[in-house]
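Report on one structure; see the data block that follows.
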Amino acid sequence: MKRIFIIHGWDGFPEGDWFPWLKKELESKDFVVQVPAMPNTNEPKIDLWINFLKEIVGKPDKETYFVGHSIGCQTILRYLETLDKDIKIGGVVFVAGWINLNMDFIIKEEGDEEGPYEIANPWLETKIDWNKIKVHTKNFVAIFSDNDPYVPMEDSRIFKDKLKAKIIIEHNKCHFRGIDGVTKLPIVLESINGME
């Protein structure tokens, strides 16, 4: 039974963006799809999100897949770090995943000097052990937009170098949100279908 977990981002929710469309498409291909409402979404915390993901996934296996958006990508990375090294999963698609952030833009958008820093800093400063992540699958795809105001394009190189991820650059999709006009994302579906 193929299972897939779609993990939304900071301030995200299961009914937003392209998640309902992707859920419907995957269910038509006999995936069991979960789009959980992550806890405390306006102030995401690493341990809380990892432990929540562990709880809903249960025991992962080769028929377990993940799709992350924004901070959801970080959550998946950090979740995979915690798994026993002999556990294999089907694959991961990262959408607008980030290791760094354009904080100046976020502060300007939020009009708040301290808030975004306090929330983002633990995610930015807590190191990721890439070697612990890459043992779980060879199927990593990382999708970026060439005009994402939050995610530096250089982060695509990190996913490529550290995970040997297939990098896909989409044009004018901003941060891949509904408010950016992105309510369907066929490249994610194609990426999952391409995983063996």
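Putting +1 on Lys and Arg Cβ atoms and -1 on Asp and Glu Cβ atoms, find which of 91, 143, 126 reaches farthest to the positive end of the dipole of the chain. The Cα lying farthest towards the positive end belongs to 91.
Modelled label positions at residue 34 and residue 184, each set 7 Å beyond Cα in the direction of Cβ, lie 2.9 nm from each other. Only helices enter the 222 nm calculation for the chain: every DSSP H run of n ≥ 4 contributes -39,500 (n - 2.57), and dividing by all residues gives -10500 deg cm²/dmol, rounded to 500. Among the GluC sites (Glu not before Pro) within the stretch 1-95, those in coil by DSSP and having at most 16 neighbouring Cβ atoms inside 10 Å are 15, 63. Here the spin labels are modelled as points 7 Å beyond Cα on the Cα-Cβ line, and at residue 51 and residue 166 they lie 3.7 nm apart. Look at where the Cα atoms of the stretch 127-196 and of the stretch 48-88 average out, and the two centres are 16 Å apart.
Return the FRET efficiency for the residue pair residue 13, residue 85: r is the Cβ-Cβ distance, R0 is 22 Å, and the value is rounded to the nearest 0.05. Don't skip to the end; give the middle numbers.
On the way: r = 33 Å, r/R0 = 1.52.
Using R0 = 22 Å, I get an efficiency of 0.05.
Full extension of the chain segment joining residue 154 with residue 61 gains 30.3 nm, where the gain is 0.36 nm per residue of separation less the Cα-Cα distance.
No lab work stands behind these numbers, since they all come straight from the coordinates. This structure is a prediction, so every number in the text was calculated from the model and none was measured. Reconstructed Cβ throughout: ideal geometry from the backbone, glycine too, with neighbour counts over all protein chains shown.
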